[in-house]
Structures are given as C-alpha cells and as structure tokens.
Amino acid sequence: MDSMTSFGVQSPHTAAAAVALLVANPHAKLIAGGTDLMPNLRHGIGAPDGLIDLNQIEELNQIERSGQGWIIGAGVTLSQLATRADVRSELPLLAQAAATVAGPGHRTVATLGGNLCLDTRCMFYNQGQWWRESNNFCLKHGGEVCHVAPQGARCHAAWSGDLAPALIALNASVDILGPLGLRQLPLSEFYVDDGAQPLTLTPAELITAVRIPSLRPGSRSGYRKARVRGAIDFPLAGVAACCVVSKDVLTELRVALTGTNSRPFLLTGTEALCQQPVTPELLTALGKLVQKQVNPMRTTGTSAAYRRQVAAVLAQRLVGELSVL
C-alpha cells in the first residue's frame, strides 16, 4: 500500500454538527471504524480534504426495541450485532450476517452505517496506485474504460456488503440526515445498480439509524455466503432469507443477495413460491429465479459462472434449512 497524504480530522458530537461540517467541506469523508475507507486511501483511491470522525456522536450508538420493531443506530458495531443475546434470538439473520464480516478485530470497530455504505469492489479497482496506473486506471476511478466490460459504458464493480441483504430481507428502512432535514427510505431503494455510484445519498447526507419492523409470528431467517477463504473475505455470493412456514406450508418468503451485482437486491417473483410446501421442486424453482436475476461479472478471480451457480445453491440450501427448523 502507498502512504497517505496528510489531512485533518474533526470530531463532532451530534449528527447535525457532522452534516454542517460536510456542508462546509464537501470534499471531506466520514469515518467511523475506517475498515473500508482507510485501505482505499492507502491505495491512493480518493484524497479527502479532511475526515469527519463520527465516533463521538452518542445518538448513533443507540439500540431501541419496541412493539413496532427495532431502531439501531448507524454507529453500532458489527461485534455488538453479532454477539448481543436479544439480536441473536430475535434477529438471527442480522446477527449471522454481522458475524461473517471480516475478522473479530475488524468487527469491534466496523459499524452498521459503514457496512451499508461500503464501496463496491473489483479486482481492477482494489489495487495499489502503481498497478492501477499501469492499466490506465478504470472507469470507477481515474480511467475511461471498465476492464470487466470494455465495450460497455458503466462500471460493473460488485456490491460486497453483508448487512445490506440481511436488512433488505427484513424489510428495513434507513433514517438519513442531511441539510434539508431527516428523511426515511426503504433500504431496498437506497442502492442503485451502478458500480461507480451505488448509493442514493446526496451531498452532505449520512445514515443515522436503521429501522426494522417487527417480524410476523413464526418468522425464520438466516444468512449464508461463499468466499474464497473461510474467514476475512468478502462474499463471492451472499444470500439472506426471511420466511414464514405455517403447518409445513411456506406462506411468506423474502430473499436478498449480495456479491453478484453492483447493488444488493431483493429477489423478485418469490410470491409465486408461497402457499405450498417446501419441496425439491420449489427449491429448484427458487434456484432458477436466482440464476436469472444475479449478474456476476469478472470482478474477482473466481468465475462469474461459479458465482451465479453458488448463489442459487446457497438460496436453495438456506430456504430448505429454514423450512425444517
């Protein structure tokens, strides 16, 4: 990795003060755990005028539970989500997804908001400055061509966060604070299929909290992912599922995926699989839905065909496991 340029750090004590600092310095970057941002800066990807440290903002660290569901602050660490007894028992999907991110040391500082705003990844982008320069950079940063699809006009870097699909499957929404005040947005609408700019955040906005509605009685959920190594690595494909099974009949199913497209997304067409038992035929149909909607490209050293197939198999295995709990 390359050495970083010098920059100042400011530490506001409220989310509103952080927004004001972003308005005053549009070229500053937000930082909490820094587990995604700092490696990129050391690779020469981005040169912010300064950093705005969010760790002193107490309102971002709250977890609230009510009859309507959960409100989890954007500053809550992944370690907290993975280990809290109430999260593990009531939101196993979220706890499982958090526990798969990176290593234990990363999870103690990495935050919910940071993981939801993770940068997209590609083997042509996540390299040192000299390597990228020798390849004339890429469309995502500094270049004019996407090396994954040179004849195209868009960046195909893949979304590789684990918490986004988990929360999309849980029908979560996000609180976003900006110069115009607070707005709420379904998390499924927070992302766009653009490897260069996958977030719908406007300048000087930040996520302050995630809202998860109460689950229906009988809900079952889980998260599975495939990666090159059994730990640390980003997903080659990740699948989150939340379902309701009543008297051996699948009555509700939400499946979300990561690692294959430029955004995490909710699988469409699953309603056609409901109101019937979970049979091998149903799981085959689910696998076909996944294979039609994922769009892996040559963004990793693993083939796109493998990632397409493994996404389908993960979904089939996960829903099959949840149906017999």
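The values are calculated or read from the model by the stated rules, or taken from the named source; none is laboratory data. None of these values were measured; they are calculated from a predicted model. Glycine gets a Cβ as well: all are built from the backbone with ideal geometry, and neighbour counts include every protein chain shown.
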Answer residue from the range 216-274, given it is within 16 Å of Leu314 (Cβ to Cβ) and among the polar types (S, T, N, Q) and is farthest from the chain's Cα centre (by Cα) among those: Thr270
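From the list Leu266, Leu325, which residue is modelled with pLDDT of 95 or more and either assigned by TED's automatic domain parsing to the domain that holds Gly73 or not charged (D, E, K, R) (or both)? Spell out how you get there, then give the answer.
Working: Leu325 fails: modelled with pLDDT of 95 or more.
Exactly one of Leu266, Leu325 is modelled with pLDDT of 95 or more and either assigned by TED's automatic domain parsing to the domain that holds Gly73 or not charged (D, E, K, R) (or both), namely Leu266.
For Ser6, are the conditions met, namely being free of Cβ contacts under 8 Å to residues at least 12 places away in the same chain, over 20 Å from Val210 (Cβ atoms) and over 17 Å from the mean Cα position of the chain (by Cα)? Reasoning before the result, please.
Numbers: free of Cβ contacts under 8 Å to residues at least 12 places away in the same chain: yes; over 20 Å from Val210 (Cβ atoms): yes; over 17 Å from the mean Cα position of the chain (by Cα): yes.
Judged against the criteria, Ser6 is a match.
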Quick one: which residue in Val310, Val278 is farther than 20 Å from Cys243 by Cα and in contact with a strand residue (DSSP E or B) (Cβ under 7 Å, 6 or more places away or on another chain)? Val310
Within the range 75-94, is even one residue in contact with a Pro (Cβ under 8 Å, 6 or more places away or on another chain) and in contact (Cβ under 8 Å) with a residue 60 or more places away in the chain? no
Filter the range 23-49 for residues that are in contact with a helix residue (DSSP H, G or I) (Cβ under 7 Å, 6 or more places away or on another chain) and part of a loop (DSSP other than H, G, I, E, B); the one that is surrounded by the most Cβ atoms within 10 Å (Cβ to Cβ) is Ala32
Verdict on Arg254 being in contact with a Cys (Cβ under 7 Å, 6 or more places away or on another chain), under 18 Å from Ala164 (Cα atoms) and either touching a residue at least 24 places away in the same chain (Cβ under 8 Å) or not assigned by TED's automatic domain parsing to the domain that holds Arg107 (or both): yes
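Residues checked against (1) of a type in the set (A, V, I, L, M, F, W, C); (2) over 19 Å from Ala256 (Cα atoms); (3) touching a Lys or Arg at 6+ places or on another chain (Cβ under 9 Å):
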{"site": "Thr120", "(1), (2), (3)": "no, no, yes"}
{"site": "Phe124", "(1), (2), (3)": "yes, yes, yes"}
{"site": "Trp130", "(1), (2), (3)": "yes, yes, no"}
{"site": "Trp159", "(1), (2), (3)": "yes, no, yes"}
{"site": "Ala169", "(1), (2), (3)": "yes, no, yes"}
{"site": "Asp193", "(1), (2), (3)": "no, no, yes"}
{"site": "Ala196", "(1), (2), (3)": "yes, yes, yes"}
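Can you find, within the range 206-244, the residue that is modelled with the lowest pLDDT among those that are among the small types (Gly, Ala, Ser) and touching a Ser or Thr at 6+ places or on another chain (Cβ under 7 Å)? Can you show your working first?
Going residue by residue through the range 206-244, those that are among the small types (Gly, Ala, Ser) are 209, 214, 218-219, 221-222, 226, 230-231, 237-238, 240-241.
This time we only want the ones that are touching a Ser or Thr at 6+ places or on another chain (Cβ under 7 Å), so: 218, 237-238, 241.
Details: Gly218: 92, Ala237: 98, Gly238: 98, Ala241: 98.
Ranking the qualifying residues of the range 206-244, first place goes to Gly218.
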Out of Ala82, Ala20, sole residue that is assigned by TED's automatic domain parsing to the domain that holds Thr202 and not in a loop (DSSP other than H, G, I, E, B): Ala82
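Within the range 294-325, take every residue that is in a helix (DSSP H, G or I) and in contact with a Cys (Cβ under 8 Å, 6 or more places away or on another chain) and give me the one that is surrounded by the fewest Cβ atoms within 10 Å (Cβ to Cβ).
Filtering the range 294-325 for residues in a helix (DSSP H, G or I) gives 304-323.
Right, trim to in contact with a Cys (Cβ under 8 Å, 6 or more places away or on another chain) and you get 319, 322-323.
Working: Val319: 25, Leu322: 22, Ser323: 19.
For the range 294-325, the residue satisfying everything is Ser323.
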Go through the range 50-84 residue by residue and tally those that are surrounded by fewer than 22 Cβ atoms within 10 Å (Cβ to Cβ), among the β-branched types (Val, Ile, Thr) and farther than 30 Å from Phe7 by Cα. 3
Could you check how many residues of the range 270-293 are touching a residue at least 24 places away in the same chain (Cβ under 8 Å) and either in a loop (DSSP other than H, G, I, E, B) or surrounded by 22 or more Cβ atoms within 10 Å (Cβ to Cβ) (or both)? 5
Please go through (1) in the same structural domain as Arg183 (by TED's automatic domain parsing); (2) at pLDDT below 95 for Leu94 and return the number of the only condition it doesn't satisfy. (2)
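Output the residues belonging to the range 139-156 that are over 21 Å from Gly259 (Cβ atoms) and surrounded by fewer than 14 Cβ atoms within 10 Å (Cβ to Cβ).
In the first step, residues of the range 139-156 are kept if they are over 21 Å from Gly259 (Cβ atoms); the result is 142-145, 150-151, 153.
Those that are over 21 Å from Gly259 (Cβ atoms) and surrounded by fewer than 14 Cβ atoms within 10 Å (Cβ to Cβ): Glu144, Pro150, Gln151, Ala153.
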Residue by residue through the range 157-199, note down the ones that are under 25 Å from Leu139 (Cβ atoms), surrounded by 17 or more Cβ atoms within 10 Å (Cβ to Cβ) and among the polar types (S, T, N, Q). Ser160
